[in-house]
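First up is the structure itself, then whatever we jot down about it.
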Amino acid sequence: MNSFPENLIEQAKQSAEQAAQKAADLKAEAEKAEQIHQLLAALFHFLSKGWIFHILDLKQQQASVLKTMVSENHPAMAAFEEIYHLAAEQASEFSPVHFPKTLADACNDADLPIDKESRHPTYLFDHNFFKLTINESKKTARLSNYEAKALWEMPADAGAIVEGIQREHQRLFERKFDGAAFLKMLRAQYLALLKQEKKKDGDSISIRDITRRLGKNKDKFRTDEFLIDLSQLVKEGPVEIDGRCLELQQTKDENRGMLLYGKDGRGYVGFVVFK
């Protein structure tokens, strides 16, 4: 039996409920403050970089946060509106005719070569591996590669585009590569699929079956990173393991194959074999 008075229990209950409500209110206020902080930090970043289209996009993407700031008469709103209108004025003067030179200058400044096959509005990088497509009407840029139709899409500020391409280049080409470890992993996937498909060692396995299996079983697996590693393995080796030699067989079906980096012209790899 509970020996405490009912009124004391009720008082404790109300106190707990009030504290919970206050905690919830403070949490909501903190979340709102953080959203405003993120918006203003992005605004400062874009302003310091001179990325006018990112500034204009910010108003559209953060409309709900800006609405809150307006309703609360936030002191930063006046500056935001002034910055936005200045960006809009500069954007109105933007000419697609001048964009190729603007992008070329930004790439030169960043030591990022544009492939000679490039023609506006499509630009190629890293021996045609990356494709940048400019949408003039939307004033956006989209980057893709052999294995990713859309790595990102962003407002078409030349400096932001260059930084975005550099990030993807670094992610793919500046990773540490261990050929023996990659070959061991490839062999393990091959053997697992042989067992699953009731085939014998030396039979062919679809390269896409291997990437699909990795996508399900390997954390943070990226097909384009697999492609670059496989390309590097073919170029540098090793290709022998367990007394067998890796062979890559071609396919005419582009949807079922992979075009190795630096190997365009040699066809699409469709199957893996260890002989």
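The values are calculated or read from the model by the stated rules, or taken from the named source; none is laboratory data. Nothing here was measured: the structure is a model prediction, and the numbers come from that model. So basically every Cβ, Gly included, is an ideal-geometry build from the backbone, and we count neighbours across all protein chains shown. Each accessible area value is taken on the protein alone, full model and side chains, heavy atoms only, with ligands, DNA and RNA left out. Shrake-Rupley method; radii C 1.70, N 1.55, O 1.52, S 1.80 Å.
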Exercise for review: Go over the candidates Ala150, Ala141 one by one and state the one that is at pLDDT 95 or above and either of a type outside the set (S, T, N, Q) or in a loop (DSSP other than H, G, I, E, B) (or both).
Suggested key: Ala141
Exercise for review: Report yes if Gln166 is open to solvent by 40 Å² or more (accessible area, probe 1.4 Å) and part of a helix (DSSP H, G or I), otherwise no.
Suggested key: yes
Check your understanding: Under 9 Å by Cβ, and 6 or more places apart or on different chains, what pairs join a residue from segment 78-98 that is within 19 Å of Gln61 (Cα to Cα) with one that is open to solvent by 50 Å² or more (accessible area, probe 1.4 Å) and part of a loop (DSSP other than H, G, I, E, B)?
Key -> Ala91/Lys139
Practice item. Could you tell me whether any residue of segment 126-138 is in contact with a His (Cβ under 7 Å, 6 or more places away or on another chain), touching a residue at least 40 places away in the same chain (Cβ under 8 Å) and more than 28 Å from Ser48 (Cβ to Cβ)? Key: yes
Practice item. Go through the residues of segment 65-72 one by one and say whether even a single one is loosely packed, with under 10 Cβ neighbours inside 10 Å and of a type outside the set (A, V, I, L, M). Key: yes
Check your understanding: Taking into account only those residues within segment 1-26 that are open to solvent by less than 80 Å² (accessible area, probe 1.4 Å) and aliphatic (A, V, I, L, M), which is nearest to Lys139 (Cα to Cα)?
Key -> Ala24
Study note, to complete from the structure: The correct count of residues that are more than 21 Å from the chain's Cα centre (by Cα) and over 11 Å from Phe80 (Cα atoms) in segment 50-59 is 2
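Return the only residue of Arg222, Arg244, Arg256, Arg175 being open to solvent by 60 Å² or more (accessible area, probe 1.4 Å), in contact with a Lys or Arg (Cβ under 7 Å, 6 or more places away or on another chain) and within 22 Å of Lys131 (Cα to Cα).
Only one candidate passes the filter, namely Arg256.
Say whether the condition of being free of Cβ contacts under 8 Å to residues at least 24 places away in the same chain and assigned to a loop (DSSP other than H, G, I, E, B) is met by at least one residue in segment 181-191.
Checking segment 181-191: not a single residue is free of Cβ contacts under 8 Å to residues at least 24 places away in the same chain and assigned to a loop (DSSP other than H, G, I, E, B).
Per-residue answers, yes or no, for (1) under 30 Å from Leu40 (Cβ atoms); (2) among the hydroxyl-bearing types (Ser, Thr, Tyr); (3) in contact with a Leu (Cβ under 6 Å, 6 or more places away or on another chain):
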| site | (1), (2), (3) |
| --- | --- |
| Thr68 | yes, yes, no |
| His85 | yes, no, no |
| Lys101 | no, no, no |
| Asp111 | no, no, no |
| Asn128 | no, no, no |
| Glu147 | no, no, yes |
| Leu151 | yes, no, yes |
| Pro155 | yes, no, no |
**Study point:** Checklist (1) closer than 30 Å to Ala106 by Cα; (2) part of a helix (DSSP H, G or I); (3) in contact (Cβ under 8 Å) with a residue 12 or more places away in the chain applied to Arg175, failing item
**Key:** (2)
Study note, to complete from the structure: Within segment 193-229, residues being assigned to a helix (DSSP H, G or I) and in contact with a strand residue (DSSP E or B) (Cβ under 7 Å, 6 or more places away or on another chain) number 6
Practice item. Taking the options Glu117, Glu81, name whichever one is out of contact with any Asp or Glu (no Cβ under 6 Å at 6 or more places or on another chain) and closer than 26 Å to Asp224 by Cα. Key: Glu117
Study note, to complete from the structure: Pairs returned, first residue in segment 235-253 that is touching a residue at least 40 places away in the same chain (Cβ under 8 Å), second residue that is open to solvent by less than 60 Å² (accessible area, probe 1.4 Å) and assigned to a loop (DSSP other than H, G, I, E, B), beta-carbon separation under 7 angstrom, 6 or more apart or interchain, are Leu246/Val239; Gln249/Ser204
Practice item. Would you please name the residue that is nearest to Leu86 (Cα to Cα), looking only at residues in segment 27-49 that are surrounded by fewer than 14 Cβ atoms within 10 Å (Cβ to Cβ) and either touching a helix residue (DSSP H, G or I) at 6+ places or on another chain (Cβ under 6 Å) or of a type in the set (Asp, Glu) (or both)? Key: Glu34
Check your understanding: Using beta carbons and a limit of 6 Å, which pairs, at least six apart or on different chains, have the first residue in segment 26-55 and within 25 Å of Glu89 (Cβ to Cβ) and the second one among the charged types (D, E, K, R)?
Key -> Trp51/Asp157; Phe53/Lys139; Phe53/Asp157; His54/Asp157
